[in-house]
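Enquirer: Pasting in a structure now, in C-alpha cells, and then I'll have a few things to ask.
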Amino acid sequence: MRSLSCQDMTSGPLGKQILLFSLPLICSNLLQVLFNLADLAVVGQFVGSEALGSVGSTTTLVTMFTGFLIGLGGSINVLAARFFGARDDKRFGQLLHTAAILSLGLGILLSILGVVFARSILQLLQTKEDLLDGAALYLRIYLLGMPAMAIYNYGSAIMSALGDTRRPLRFLTIAGVLNVILNLFFVLVVRLAVAGVALASIISQYLSAVLILLALMHNDAPYALNKSQLRLHRESALEVIRLGIPAGLQNCIFALANLFIQVGVNAFSSTMVAGNSAAANADALIYDVMAAFYTACASFMGQNYGARNKKRVRQSYFLSLGYSFAIGLILGLLLLLLGRQFLALFSPDPQVIDAGMRRLTIMSVSYGFSAFMDCTIAASRALGKSMAPTVIVILGSCVFRILWVYTVFAWFGTIQSLYLVYICSWSITAVAEILYFAAVYRRQVRPMAT
C-alpha cells in the first residue's frame with residue numbers, strides 16, 4: 001500500500017500543485033538557513049563585530065561542504081520521483097536503502113576533511129588575523145554536523161519525491177526552535193561565544209536527522225526504510241553517483257569560485273568583511289526560497305517523465321521557472337527597501353550596516369535572474385543529465401568569476417565591481433544551460449507519446 005503522504009504529480013491542476021508543494025519546502029529551506037542566521041545574529045548582538053566577522057568568514061566554506069550534500073540530495077530526489085512516477089517499487093526500495101548508506105558515508109568523509117583542513121583553508125583565503133582563531137573554531141565544530149545534514153537532506157529528498165514536504169517542515173521547526181534556545185543558552189549563560197553557536201547548530205541538525213529517519217522507518221511499505229535491508233545495490237549506487245557527484249562537485253566548485261570573491265572582500269577592512277557577512281545572509285534566504293521551486297521542478301518533471309507524460313514535463317519546467325523568477329525579484333526588491341533593518345539584526349554598528357548596504361543595493365535587483373540558470377539545471381537533471389550542466393556552470397559561473405576577480409575587479413578595485421560578477425555570471429550561464437536543455441528536451445521528451 002502506498003503511503004498516505006504520497007502525492008501523484010502526474011494529474012491535476014499543475015500550477016496549484018507546484019505552489020502547494022513548494023510552500024512547505026520554502027519554509028523548510030528557510031529554517032535550515034536560520035541555523036546559520038541565528039548564529040550570526042546572536043554573536044553579532046551579544047558578542048561583537050569581531051565574532052560576527054569570524055563566523056561570517058566561514059560562510060563560503062560551509063556552503064562548499066553543504067553544497068556537495070545538497071547536490072547529492074538533488075540526485076536522490078530526481079531518481080526517487082522518476083521511480084515513483086513509473087510505479088517501479090523495486091527500484092525505489094533499492095534506491096531508498098542504498099542512498100542512506102551513501103549519504104551517511106559522504107557526510108562522515110566531509111566532516112573529517114573539514115575538521116582536519118579548516119584552519120589551513122581559512123589561511124589560504126587570507127582570513128583576517130584577528131578573525132582567524134574564532135573562524136577556525138566555529139568551522140571545526142560546525143562541520144561535525146555534516147553526517148546529520150547528509151541524512152536530513154537524504155530524507156527530505158525522498159519525502160519530496162513522494163510529494164511529502166510537510167513532515168520535513170515540522171522536523172525543522174522543532175530543530176530550529178531548539179537551535180535558537182541553545183544559541184542563547186550557550187552564549188549568554190555558558191559564555192561559549194563562537195563555540196556555543198556552533199554547538200547549538202550541530203545539536204539541532206542531529207535532532208532533525210533523527211526525526212526524519214524515524215519518519216522514513218514508519219512509512220508504509222514499499223517506501224519504508226528498513227534496517228535489515230540496508231545495503232549498497234550496485235545499480236542504484238551508480239545512478240546516484242552518476243547524477244549526484246557532478247551536482248555535488250558543481251556546488252563545491254561554485255563555492256570555490258566564491259572563495260575567490262571572499263578573498264577580494266578580505267582585501268578591504270574588517271568592517272567591510274563584517275558588513276559583507278551580514279548582507280550575504282540575504283543570499284541564503286532568497287536562494288533557498290527560490291530553490292524550493294527548483295526541487296518542485298525536479299520532482300514534478302521526474303514523476304511525469306517516469307510516467308511518460310510529455311505535456312506535464314514541459315509545463316512543470318515553465319511554471320517552476322516563472323514562480324522562482326517572480327519570487328526572487330519580489331524578495332530582492334523588498335530587501336532593497338528594508339535592507340538597513342535586515343542588517344541591524346546582525347550588527348548594531350552603523351558602519352557595518354553601511355558596508356552591508358553596498359552589497360544589498362546590487363544584489364537585490366539581481367537575485368531573480370539566477371532562476372534562469374538554476375531552474376534549467378534542475379530540469380536537465382530531471383531528464384537524467386548531470387555532467388553537461390555541471391560543465392556548463394563550472395565554465396560559465398565558476399571560471400568566469402575567477403577571471404572576473406583577476407581582471408575586472410583587479411582593474412577597478414571597488415567593492416561594487418566585485419559584486420557585479422554575480423548577475424553577469426548568472427546571465428552567461430543561463431543562456432548556455434537553456435540551449436542545452438532545449439536540445440535534450442527535443443531528443444528525449446518530444447518523441448514521447450502524449
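Enquirer: Suppose R0 equals 41 Å; then what is the FRET efficiency for ILE241 and LEU23 from their Cβ-Cβ distance, rounded to the nearest 0.05? Write down the numbers at each step before the final one.
Expert: On the way: r = 32 Å, r/R0 = 0.78.
Result of the calculation: an efficiency of 0.80.
Enquirer: Rounded, prolate or oblate, given the Cα gyration tensor of the range 302-450, with a/c below 1.5 counting as rounded? Working shown, then result.
Expert: Details: a/c = 3.69, a/b = 1.82, b/c = 2.03.
Oblate, since a/c reaches 1.5 and b/c is not below a/b.
Enquirer: Please give the contour-minus-distance gain from LEU403 to THR361: 0.36 nm per residue of separation, less the Cα-Cα distance, rounded to one decimal in nm. Don't skip to the end; give the middle numbers.
Expert: Details: separation 42, 0.36 × 42 = 15.12 nm, distance 2.32 nm.
Extra length from LEU403 to THR361 when fully extended: 12.8 nm.
Enquirer: How much of the accessible area of the chain, in percent, comes from carbon and sulfur atoms when a 1.4 Å probe is used? Don't skip to the end; give the middle numbers.
Expert: Details: 11960 of 17270 Å².
Ligands and nucleic acids excluded, carbon and sulfur give 69 percent.
Enquirer: What three numbers, in Å, describe the spread of the alpha carbons of the range 202-332 along their principal axes, ordered from the longest?
Expert: 57, 40, 26
Enquirer: For HIS233, enumerate residues with amide H under 5 Å from its amide H, sequence gap 5+ or separate chain, H modeled in the peptide plane.
Expert: For HIS233, the qualifying residues are THR98.
Enquirer: Could you pull out which residues in the range 104-125 have an amide N less than 20 Å from a spot 7 Å beyond the Cα of LEU230, following the Cα-Cβ vector?
Expert: Output list for this probe position: 104-112.
Enquirer: When you have a sec, figure out the Kirkwood radius of the range 123-238 from all distinct Cα pair distances and drop it here in Å to one decimal?
Expert: That comes to 16.2 Å for the range 123-238.
Enquirer: For the range 113-128, take each phi angle, set θ = phi - 60°, evaluate the Karplus expression 6.51 cos²θ - 1.76 cosθ + 1.60, and give the result in whole Hz per residue in order, putting x for glycine and proline.
Expert: Values per residue, Gly and Pro as x: 4, x, 5, 5, 9, 3, 5, 4, 5, 4, 5, 4, 7, 6, 4, 3 Hz.
Enquirer: So how long is each side of the chain along the principal axes, counting just the alpha-carbon atoms, biggest first, in Å?
Expert: The principal-axis extents, from largest down, are 60, 46, 36 Å.
Enquirer: Whole Å is fine, so just give me how far the alpha carbon centre of the range 320-336 lies from that of the range 344-371.
Expert: About 16 Å separates the Cα centre of the range 320-336 from the one of the range 344-371.
Enquirer: Over what distance in Å are the Cα centres of the range 376-450 and the range 176-212 separated?
Expert: 36
Enquirer: Then there is this: Subtracting the Cα-Cα distance from 0.36 nm times the residue separation, let me have the gained length for SER269 to ILE428 in nm, one decimal.
Expert: Numbers: separation 159, 0.36 × 159 = 57.24 nm, distance 3.10 nm.
Length gained, SER269 through ILE428: 54.1 nm.
Enquirer: If you don't mind, there's one more thing I want to ask. Once you have the Cα-Cα distance between GLN126 and GLU50, take 0.36 nm times their residue separation minus that, and quote the gain in nm to one decimal. Walk me through the numbers on the way to the answer.
Expert: Working: separation 76, 0.36 × 76 = 27.36 nm, distance 1.58 nm.
In short, 25.8 nm is gained.
Enquirer: OK, next. Under a point spin-label approximation (7 Å from Cα along Cα-to-Cβ), what is the SER11-ARG308 distance to one decimal in nm?
Expert: With each label placed 7 Å out from Cα toward Cβ, I get 1.7 nm.
Enquirer: If you line up the Cα atoms of the range 203-260 on their principal axes, what length do they span on each, largest first, in Å?
Expert: 46, 34, 15
Enquirer: If you don't mind, there's one more thing I want to ask. Less than 11 Å Cβ to Cβ from THR173, Lys/Arg counted +1 and Asp/Glu -1: what total charge do the surrounding residues give? Could you put the intermediate results ahead of the total?
Expert: Working: positive: ARG166, ARG167, ARG170; negative: none.
Summing Lys and Arg as +1 and Asp and Glu as -1 gives +3.
Enquirer: Also, I was wondering about something else. Over 19 Å, how big is the tail of the calculated P(r) for the range 380-441, in percent of all Cα pairs? Please list the in-between numbers first.
Expert: Working: 711 of 1891 pairs.
That tail contains 38 percent of the Cα-Cα pairs.
Enquirer: Translational D (Stokes-Einstein, µm²/s) of the range 109-174 at 20 °C and 1.002 mPa s when Rh comes from the Kirkwood sum over C-alpha pairs?
Expert: Working: Rh = 13.8 Å.
It diffuses with D of about 155 µm²/s by this estimate.
Enquirer: Still on this structure: Under 20 °C and 1.002 mPa s, how fast does the range 150-198 diffuse according to Stokes-Einstein, given a Kirkwood radius computed over C-alpha pairs? Answer in µm²/s, whole number.
Expert: On the way: Rh = 12.3 Å.
Translational D for this selection: 174 µm²/s.
Enquirer: Okay, moving on. Where only protein heavy atoms count, and the probe is 1.4 Å, what is the accessible area per residue for the range 293-450 in Å²? Intermediate values should be presented prior to the final figure.
Expert: Values: 6560 Å² over 158 residues.
About 42 Å² of surface per residue is accessible.
The values are calculated or read from the model by the stated rules, or taken from the named source; none is laboratory data. Model, not experiment: these values are computed from the prediction. Note that we place each Cβ from the backbone using ideal geometry, even for glycine, and neighbour counts take in every protein chain shown. We work out accessible area using only protein heavy atoms, side chains counted, and drop any ligands, DNA or RNA first. Shrake-Rupley method; radii C 1.70, N 1.55, O 1.52, S 1.80 Å.
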